[in-house]
Each structure stands twice: as C-alpha cells, then as structure tokens.
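A.B. asks: Take this structure first; my questions come after.
The values are calculated or read from the model by the stated rules, or taken from the named source; none is laboratory data. Note that the structure is predicted; figures quoted are calculated from it, not measured. Positions of Cβ are generated from backbone atoms using ideal geometry, with glycine treated the same way; all protein chains shown enter the neighbour counts.
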Ligand SMILES: CC(C)(COP(=O)(O)OP(=O)(O)OC[C@H]1O[C@@H](n2cnc3c(N)ncnc32)[C@H](O)[C@@H]1OP(=O)(O)O)[C@@H](O)C(=O)NCCC(=O)NCCS
C-alpha cells in the first residue's frame, strides 16, 4: 500500500462571531432570585450574547468561518475538510458541517460534526492535526458553535446565568514547523450524569407543544471540583507531552466555564505572570464548543503581540470528556 506523505500542522487563522444582543446579568437575575454581584463573584460573568430567534447555528458558524478563511488567505476551494463541534444543532442528520460547506460554496469538502460538548473544539483541533500529519487532509476548518440559549431553561438557577451563544473557527494547514502538539484527551464517563441535556428526543416524541424541550442540567459543584483539579492535572500532562514548560507559553486559553476554575488551573499549573490568561468568560459566558476559539480571537484582538507564541488549550465538559494541546497561535491580523 502506498503511504501518504504527511506533514506538521499549525493554526493559520482564527475568526469569531458574537451575536449582536449583549445580555447583562440584570436581564437574567429576576427569574432565578440571583444578583449581578453573585454571578460576577461566583463565575466572573458580567454579560453574554444571545442569538436572535431566527439566527441559527449555521448562520453563526458561517460568519465565523468566513472570517477565518479570509484571514488564512486561502480560497474556500482549498479547504478540504470541515469539522463542526456543537451540541446545539437541532438535527441529528444531515450534519451541521454539510449545511455549512454548502453555504460556504464548497460542497465537495469532507464534512462532519463531533459531539464532545465543551471539549469539542479541542477534539477537532486534535483530529485536524492528525488528518494533516497522516496525509489525509491539507487544510482543515474547525468550528465550535453553539446556540445554548435554545437549550437553557431561563428559570433554572443552576444554569441560566452560565450559557450563551456564539461561534469561533480556525483554519489548520500543513506546515514545516510543529505548530500543534499531540493531543491529550480522555473521558471520565462514570460522571456522565453531571451534565445532561434532557428529556431526550424520543421521550419528547409527539409531545413538543412549546412547554417541553431538552434543556441542559448540571451538578455545578461536581463539575467545578472535577474541572479545577482533574483538569489541572490534564493540563500538566499536555505540557509534558508537548515538551513545553509553562514559562515558554505566551497564553493560556482554557474552556471559559468559570473564572474561578480558570484561576485555580493557572495556579495549579504554576503559570508565570508573563502568560496571558484568556478571560472571555466575563463578556461571553460559557459558549461550550465555541468558547476556546472565541477566547483565542478576543485574546489576539487585545494582545496582538501574542500572535505566533505558544498557547495551552484545554476543553472539558459534558461526558465528562476533555482534550487539549499546545498550539502556536496564528499571527494577529491587527498587528
Ligand atoms: C454553577 C456554579 C457557578 C455554582 O457556584 P457554587 O459556588 O458551586 O454554588 P453552590 O451551588 O455551592 O451554591 C452556593 C450558594 O449560592 C446559592 N446559589 C446557587 N445558585 C445561585 C444563583 N444562581 N444565584 C444566587 N445564589 C445562588 C446557593 O443556594 C447556595 O446558598 P447557601 O450557601 O445559602 O446554601 C459553580 O458550581 C460552577 O461554575 N460549576 C462548574 C460549572 C461548569 O463549569 N459547567 C460547565 C462545564 S462545561
């Protein structure tokens, strides 16, 4: 059998889409007996963005993808593989990725979705790297997109202030240099019940009347403890596998679930002050699969000097599942 010539890979560009409507804590609190101060202190969240009712996962993914492709300087026809990470596309099949490639005008690209919740983007980055390394793909578009406002109960005190909408995309291309480390990934599936979306479509069969709809439910403290400590250990394993020390990082871009989790992780990994820590949670909330590319875009907008530097990425969420890698950040477009 002929072996294909593989290559290293790197992220060549990032793009983001945030829905126009910013929703401050003051709009959320009345229905859950909460306060702006409590939400800020316990999560870091000040506001988040919600999509319009008529704005779909595909609309948001398309907007982010177009920016990433434009910044990559590639033509859309050069993108041979499209991976969409999402848990809020409301159809099992055909996939969000096929809707996206059709909308992008590149309907012959390989296209599929992955369901790995808030770890989905890093699962996609790992796959994109491996596809390029093995010679299967040359230029891969990885998108994390969520419309969590459709799947969050505004009266649920444990979730309504956390989740939000948005899309982030990266283009990953073959490269001479090593721009993406091997991925560290896994699951902790005995804690599957810690974050769920229910009832299932089957339970809802014939019952959709506006009152019943799948919503996310979570055991906040269980997830908080797991994220803070097990994920700090996973982050250390990512650095070890990459052969990179914390002091060599330009940035730390973890899943944006809670600022206290992010700060605990940064302490456990012993990040020096020189490392820029993504805190997009403050104005974007938790956008699940979209959170890391949105945070990457925000970080490079604010700190263009970090472009080309190394960043530690780690995503974790429902499953429970996790994945992460060290990547070379794309050049900032605004530097
Ligand atoms: C959800 C989360 C912010 C809750 O914070 P917490 O500190 O664990 O809150 P607790 O559930 O322990 O509740 C603490 C107190 O706040 C109160 N509280 C809970 N929710 C509240 C809310 N929305 N507003 C105001 N008070 C609230 C509780 O009643 C409790 O009060 P008490 O001390 O008088 O009994 C936190 O657990 C978390 O971020 N978990 C991880 C979530 C996550 O990462 N999810 C996504 C993974 S992808």
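One line per residue, one yes/no per condition, for (1) within 22 Å of residue 295 (Cα to Cα); (2) crowded, with 18+ Cβ neighbours inside 10 Å; (3) touching a strand residue (DSSP E or B) at 6+ places or on another chain (Cβ under 7 Å); (4) at pLDDT 95 or above:
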{"site": "149", "(1), (2), (3), (4)": "yes, yes, yes, yes"}
{"site": "186", "(1), (2), (3), (4)": "no, no, yes, yes"}
{"site": "198", "(1), (2), (3), (4)": "no, no, yes, no"}
{"site": "207", "(1), (2), (3), (4)": "no, no, no, no"}
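A.B. asks: Continuing with the same structure: Considering only segment 201-221, state which residues are over 25 Å from residue 161 (Cβ atoms) and part of a loop (DSSP other than H, G, I, E, B).
C.D. replies: Result: 205, 206, 207, 208, 209.
A.B. asks: Does any residue of segment 243-255 turn out to be within 10 Å of the ligand (Cβ to nearest atom) and either surrounded by fewer than 24 Cβ atoms within 10 Å (Cβ to Cβ) or within 20 Å of the chain's Cα centre (by Cα) (or both)? Working first, answer last.
C.D. replies: First, the residues of segment 243-255 that are within 10 Å of the ligand (Cβ to nearest atom): 255.
Now drop any that are not either surrounded by fewer than 24 Cβ atoms within 10 Å (Cβ to Cβ) or within 20 Å of the chain's Cα centre (by Cα) (or both), which leaves 255.
Yes.
A.B. asks: What strands (runs of 3 or more DSSP E) lie completely within segment 1-113 and have 1 or more residues being within 16 Å of the ligand (Cβ to nearest atom) and not assigned by TED's automatic domain parsing to the domain that holds residue 289?
C.D. replies: Details: elements: 8-17, 21-24, 47-50, 81-85.
Hits in segment 1-113: 21-24, 47-50, 81-85.
A.B. asks: Turning to a different aspect of this structure: Need pairs with beta-carbon distance below 6 Å; first residue in contact (Cβ under 8 Å) with a residue 24 or more places away in the chain and within segment 231-244, second surrounded by fewer than 19 Cβ atoms within 10 Å (Cβ to Cβ); sequence gap 6+ or separate chains.
C.D. replies: 232/268; 241/182
A.B. asks: How many of the residues in segment 280-296 are more than 11 Å from the ligand (Cβ to nearest atom) and either surrounded by 18 or more Cβ atoms within 10 Å (Cβ to Cβ) or closer than 15 Å to residue 16 by Cα (or both)? It would help to see each step written out before you state the result.
C.D. replies: Restricting attention to segment 280-296, the residues satisfying the condition of being more than 11 Å from the ligand (Cβ to nearest atom) are 280, 282-284, 290, 292-296.
Within this subset, residues satisfying the condition of being either surrounded by 18 or more Cβ atoms within 10 Å (Cβ to Cβ) or closer than 15 Å to residue 16 by Cα (or both) are 280, 283-284, 290, 292-296.
The number of residues fulfilling the criteria is 9.
A.B. asks: Also: Being under 29 Å from residue 38 (Cβ atoms) and assigned to a strand (DSSP E or B) is the filter here, so list the residues in segment 168-189 that pass it.
C.D. replies: Going through segment 168-189, the residues under 29 Å from residue 38 (Cβ atoms) turn out to be 168, 188.
If the condition is that a residue be under 29 Å from residue 38 (Cβ atoms) and assigned to a strand (DSSP E or B), then 168 is the only one that fits.
A.B. asks: For segment 129-149, indicate whether the set of residues that are within 13 Å of the ligand (Cβ to nearest atom), outside the structural domain of residue 212 (by TED's automatic domain parsing), under 21 Å from the mean Cα position of the chain (by Cα) and part of a helix (DSSP H, G or I) is non-empty.
C.D. replies: yes
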